[in-house]
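A.B. asks: Below you'll find the structure I mean.
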């Protein structure tokens, strides 16, 4: 975080509509946060950071996005009101047409592999 963490929040969305996780950094000046989140390999994931003051993070504040232990994105400190990164090729977040009715699948032992973020 930077010297004004109350201005900064973040979210991780899957397939544009489902908010997988979000958080505020308020009260944690110059603090390093690490979140580990697993998502299916075929999911379209967008990571966004917001700054209510519109000046992004102030030096030395920075954030990095890791995927399976490798850095895939790093912020420039001055990103304005928001910054986003698509973890996969999302092509507008439309991965399949919506179903006519809700579809519920029960978890199984042979579920798809996942990414760790």
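The values are calculated or read from the model by the stated rules, or taken from the named source; none is laboratory data. Values in this document were obtained by computation on a predicted structure and should not be read as measured data. Here the Cβ is made from the backbone with ideal geometry for all residues, glycine too, and neighbour counts use every protein chain on show.
A.B. asks: If you go through region 22-31 one residue at a time, do you hit one that is at pLDDT below 85, under 22 Å from residue 71 (Cβ atoms) and either assigned to a strand (DSSP E or B) or in contact with a strand residue (DSSP E or B) (Cβ under 9 Å, 6 or more places away or on another chain) (or both)?
C.D. replies: Yes; the residues of region 22-31 include at least one that is at pLDDT below 85, under 22 Å from residue 71 (Cβ atoms) and either assigned to a strand (DSSP E or B) or in contact with a strand residue (DSSP E or B) (Cβ under 9 Å, 6 or more places away or on another chain) (or both).
A.B. asks: Would you be able to tell me the number of residues in region 16-36 that are closer than 17 Å to residue 59 by Cα and either in contact (Cβ under 8 Å) with a residue 60 or more places away in the chain or exposed (fewer than 10 other Cβ atoms within 10 Å of the Cβ) (or both)?
C.D. replies: Of the residues in that region, 1 qualify.
A.B. asks: I need the full set of residues from region 38-62 which are free of Cβ contacts under 8 Å to residues at least 40 places away in the same chain and crowded, with 19+ Cβ neighbours inside 10 Å, in order please.
C.D. replies: Once the filter is applied, which keeps residues that are free of Cβ contacts under 8 Å to residues at least 40 places away in the same chain and crowded, with 19+ Cβ neighbours inside 10 Å, region 38-62 yields only 56.
A.B. asks: Within the bounds of region 71-80, is there any residue that is at pLDDT 85 or above, under 16 Å from the mean Cα position of the chain (by Cα) and not in a loop (DSSP other than H, G, I, E, B)?
C.D. replies: yes
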